Amino acid sequence: MDYQSVISSINEIAGGNLDNERKLQAICDYLKEYVDEFDWVGFYLTDKSEERMLVLGPFAGAPTEHVRIGFGQGICGQAADTKKTFIIQDVSKESNYLSCSIDVQSEIVVPVMRNGEILGELDIDSHKKAPFTDEHRKLLEEVAQIASGIIV
Ligand code: SME
């Protein structure tokens with residue numbers, strides 16, 4: 001993976017002419033396509049009408065039944081609750097985990113924050129066990145930072 005080229009492409013999408021939802025979709029499509037280890041890439045966004053609830057936003061990959069996730073539920077809900085990045089190298093070892101597909105072996109969830117407030121999160125699933133490196137984490141935290149300027 002060429003870190004700088006991923007970040008430039010994401011910045012290009014963010015600064016482009018698409019509407020905000022299409023920008024988020026383009027970021028998902030790009031990351032899924034470009035990074036080998038990423039098999040599902042999606043945004044969960046905080047619900048406007050219900051407190052402490054995430055709603056599935058744009059995503060790339062197989063459809064999931066988990067379209068609404070309460071804070072504290074699964075890896076996504078825990079990341080939203082604690083506002084911390086979660087890296088799960090082997091989902092079979094997790095008790096508080098919501099399975100989307102039996103193919104998924106690992107997951108990384110990065111909160112998208114603005115002024116200390118959680119706007120949503122970037123969720124990545126991989127079909128490989130333990131594929132995530134510090135570089136992936138840094139990259140996704142930078143992408144989440146860029147996405148915070150797109151989510152309204
Ligand atoms: N595995 C997540 C649910 C969302 S899917 O990965 C798309 C979780 O445990 O929160």
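Figure the gain on full extension for Ser99 and Lys128 (residue separation times 0.36 nm, minus the Cα-Cα span) and round it to one decimal in nm.
9.0 nm
In deg cm²/dmol and to the nearest 500, what is the mean residue ellipticity at 222 nm of the chain if only DSSP H runs of at least 4 residues count, each as -39500 (n - 2.57), divided by the residue total?
Taken over the chain, the calculation gives -10500 deg cm²/dmol.
Would you mind checking which residues have amide H under 5 Å from Met53's amide H? H placed 1.01 Å from N; only 5 or more apart, or other chain.
Asp47, Phe71
Need one word for segment 1-78: rounded, prolate or oblate. Basis is the Cα gyration tensor (sqrt eigenvalues a ≥ b ≥ c); a/c below 1.5 gives rounded, then a/b vs b/c decides.
Prolate, since a/c reaches 1.5 and a/b exceeds b/c.
What are the extents of the Cα atoms of the chain along their three principal axes, listed from largest to smallest and rounded to whole Å?
Projected onto its principal axes, the Cα set of the chain covers 41, 37, 26 Å.
List Thr85, Thr133 from most exposed to least, where exposure is judged by having the fewest other Cβ atoms within 10 Å.
Fewest to most other Cβ atoms nearby, the residues stand as Thr133, Thr85.
For the chain, what relative contact order do you get, as a whole percent, if you take Cα pairs closer than 8 Å and at least 6 residues apart?
Normalised by residue count, the contact order of the chain is 23 percent.
Going 7 Å from the Cα of Tyr3 in the Cα-to-Cβ direction, what parts of segment 102-143 have a backbone nitrogen less than 16 Å from that spot?
Under cut-off, by backbone N: 132-143.
Count the lysine pairs in the chain whose Cα atoms sit under 22 Å apart, keeping only pairs 8 or more residues apart in sequence or on different chains.
Number of lysine pairs found: 17.
FYI, it's all coordinate maths here, none of it is from the lab. It should be emphasised that the depicted structure is a prediction, and the values quoted were computed from it without experimental measurement. FYI the Cβ positions are ideal-geometry reconstructions off the backbone, even for glycines, and counts take in every protein chain you see.
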